[in-house]
Amino acid sequence: MLRVLGDHLGLPSLDITKYNIQDEALLEVSEDFARKYSIIPLFLIEDSLTIATADPLNIDVIDELTRDTGKEIMLVLSIEMDIERSIDLYYRSTTSMSQTKTAGDDVRVVSREIHEDAEIVQVVDMLLFEAVNMGASDIHIEPRKHDARIRYRVDGVLQQYYSIPSDSVSPMISRIKILADMDIAESRRPQDGRFHFAQKNVEVDLRCSTFPTPNGEKVVMRILDESKGKIELHKLGFEPDILKRWHEIVKTANGILLVTGPTGSGKTTTLYATLNTLNSVAVNIMTIEDPIEYMLDNINQSQVNNRAGLTFTAALRTMMRQDPDIILVGEMRDVETIELAIRAALTGHLVFSTLHTNDAASTFSRLADMGIDTYLVSSTVRAILAQRLIRLLCPRCKAPMEKSPELKKILKIDEWPDYANVHSPVGCIHCRNSGYVGRAGVFELLIPNQEIKDLVIKGASADEIEAASIRNGMYSLNQAAREYVLQGKTSLDEILRVTL
């Protein structure tokens, strides 16, 4: 369509996602003007400035550019979405660009300065709005000696986006504290708070935490997008066989179902998606969480409040008198909580919870190390789902890799399967030069059979339990991650970062 329109108007068309835009050209047009009219300057040759536009018939824009720049304006046709993404990427990168390494990968750090005369309220709103639109999960504001850096965690990886002068740090943190109902006069001790942010088409909750440092208070804001709590189970990245078995096991009448993995591996999202599949008029579902991340319809949710005496254990005791069918305990933090969960499972309730372990098999060892009787563990734990989140390669710019013997050795395969299609990250405007867009879950599901239960009672090691589970058909985390690489969905570096 672009080429046809170009032929009709006698204008060239260009895929600007593959074009390296000149910094000198960007200086000729302000970012505000470029955004307002969806144009971006491409290159400058003497008195001629070439711009990409999706609306070549807007004569007023051309006249205004000619007047402001004093240049002859040449037009190139491009897609409006590509122009908007190029503005996001290139105007930020013209101010300051440096190189750093994160988790073993080369990552471009793009940092733009926020000036002293900027209105603090507008700056905070802009930071929040941009973070949500970018799909960030966390915002970090970190004071340094002469300024503060602002980083967003996107797809599980932190990247710097802004720096602010030191004079603006305290007003910005005060603004955030006021929003989160914190004490703005107290800066010597950590504080927690929460607030709701709504602007244009963005509406999210944010959980805030402050931490005193020698240079000032560091602030981290976790973005809680309610829509993520309503995600469907089959969209999380489950292999069809694992998803089928998980659907079957969650319909068990009683017992404990555990989801394990490190912080930020998506355990809560998996549990919420699972509860949504079980939610019905005939079932009483109750939760105790710390904190409640997403509100779920028709599910009775409660939040830990240590000051009021509402701990995990106190809540569990009370829940047992509330006629629950399904109980969600946010985390198995101590022996008393685990013992109460086991008691609930033994008395006919289905209990969901999370635990921080590296894989499914080591969960049994962890519970035993905490002093829980191995017989009770083996008789109540119905399944353990271990998971990780891995970044997916950008489909626009990923590059094929050579199927070398070294690569085959790293992937621990004897022969390349017919479908093998290994790729590496590159970076383009669609992925903000990261090489990755979005994430998916990598799962292993351990459902104990009699052999595994006997090993647990005997106090067998995690390696022995894992070996027995694989013999009985368990698909391990490493196997699932390698499959993503072979299918060209993620990179080798990504699975080495996440699963090893």
* To do: Answer rounded, prolate or oblate for the range 395-473, using the Cα gyration tensor with square roots of eigenvalues a ≥ b ≥ c: rounded when a/c is under 1.5, else prolate when a/b is larger than b/c, else oblate.
  => prolate
* Asked: Using a simple spin-label model with points 7 Å from Cα along the Cα→Cβ vector, what separation in nm is obtained for residue 336 and residue 227?
  -> 4.2 nm
* Along the Cα-to-Cβ line of residue 487, 7 Å from the Cα, sits a label point; which residues in the range 424-457 have backbone N less than 15 Å from it? -> 439-444
* Structure fact -> Reported to the nearest 10 Å², residue 269 has, with a 1.4 Å probe, an accessible area equal to 40 Å²
* **FRET efficiency for residue 23 and residue 282, using Cβ-Cβ distance with R0 set to 60 Å, rounded to 0.05** => 0.40
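What FRET efficiency comes out for the pair residue 321/residue 373, r = Cβ-Cβ distance, R0 = 25 Å, nearest 0.05? Don't jump to the answer; show the numbers that get you there.
On the way: r = 25 Å, r/R0 = 1.00.
The computed FRET efficiency comes out at 0.50.
What percentage of the solvent-accessible surface of the chain, computed with a 1.4 Å probe over protein heavy atoms, is contributed by carbon and sulfur atoms?
Numbers: 11830 of 24540 Å².
Carbon plus sulfur share of accessible area: 48 percent.
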* **Estimated FRET transfer efficiency when R0 is 56 angstrom, pair residue 80-residue 467 (beta carbons, to 0.05)** => 0.50
* To do: Provide the gained length on full extension for the span residue 36 to residue 358, in nm with one decimal, where the gain is 0.36 nm per separating residue minus the Cα-Cα distance.
  => 111.0 nm
* Asked: In the full protein assembly as shown, how much of residue 426 is accessible to a 1.4 Å probe, in Å² to the nearest 10?
  -> 90 Å²
* Structure fact -> Heavy-atom accessible area of residue 323, protein chains in place, probe 1.4 angstrom, given in Å² to nearest 10, is 120 Å²
* Obtain the nm distance between the two label points defined at residue 181 and residue 295 by a simple spin-label model: each point lies 7 Å from its Cα along the Cα-to-C-beta direction. => 1.3 nm
* May I ask for the distance between the Cα centers of the range 8-80 and the range 310-329, given as a whole number of Å? => 62 Å
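Would you please classify the overall shape of the range 115-241 from the alpha carbon gyration tensor, given that a ≥ b ≥ c denote the square roots of the eigenvalues, rounded means a/c under 1.5, and beyond that prolate means a/b larger than b/c while oblate covers the rest? Write out the running numbers ahead of the final one.
Values: a/c = 1.90, a/b = 1.86, b/c = 1.02.
Here the range 115-241 falls in the prolate category.
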* Structure fact -> The Cα extents of the range 233-285 along the principal axes, largest first and rounded to whole Å, are 32, 24, 21
* To do: Please give the helix 80-93 orientation as an angle from the longest Cα principal axis of the chain, in degrees from 0 to 90, rounded to the nearest 10.
  => 90 degrees
* **Restricting the range 263-366 to trypsin sites (Lys or Arg not before Pro) in coil, as DSSP defines it, with at most 10 other Cβ within 10 Å** => 321
* Accessible-area ranking of 412, 235, largest first, probe 1.4 Å -> 412, 235
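Could you work out the relative contact order of the chain, using alpha carbon pairs under 8 angstrom and six or more residues apart, expressed as a whole percent?
Values: 901 pairs, mean separation 52.8, N = 500.
Value for the chain: 11 percent.
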* Structure fact -> Rounded to the nearest 10 degrees, the helix 477-486 long axis (Cα) sits at an angle to the longest Cα principal axis of the chain of 30 degrees
* To do: Please report, in Å, the Rg and the Dmax of the chain, where both are computed over Cα atoms only.
  => 26.6, 83
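How big, in percent, is the set of alpha carbon pairs in the range 341-500 lying more than 22 Å apart? It would help to have the intermediate numbers written out before the result.
Numbers: 6586 of 12720 pairs.
Here the long-distance tail beyond 22 Å is 52 percent of all Cα pairs in the range 341-500.
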* residue 424 paired with residue 64, simple spin-label distance in nm, labels 7 Å along Cα-to-beta-carbon -> 4.5 nm
* Only Lys, Arg (+1) and Asp, Glu (-1) charged, at Cβ; the range 122-270 dipole about Cα centre in debye -> 280 debye
* Sparse-neighbourhood loop sites, GluC sites (Glu not before Pro) in the range 400-500 - DSSP loop, at most 12 other Cβ within 10 angstrom -> 402, 415
* To do: Could you tell me what percent of the DSSP beta bridges with both partners in the chain are antiparallel, to the nearest 5?
  => 65 percent
* Structure fact -> Surpassing 25 Å at the alpha-carbon level, of the pairs 36/489; 244/458; 36/230; 145/177; 244/453, are 36/489; 244/458; 36/230
* Tell me, what is the per residue accessible area of the chain in Å², probe radius 1.4 Å? -> 49 Å²
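The values are calculated or read from the model by the stated rules, or taken from the named source; none is laboratory data. Being a predicted model, the structure only gives us computed values, none of them experimental. Using ideal geometry, Cβ is built from the backbone for each residue, glycine included, and neighbour counts are taken over all protein chains shown. Heads up: the accessible areas ignore ligands, DNA and RNA and are worked out on the full protein's heavy atoms, side chains in. Shrake-Rupley method; radii C 1.70, N 1.55, O 1.52, S 1.80 Å.
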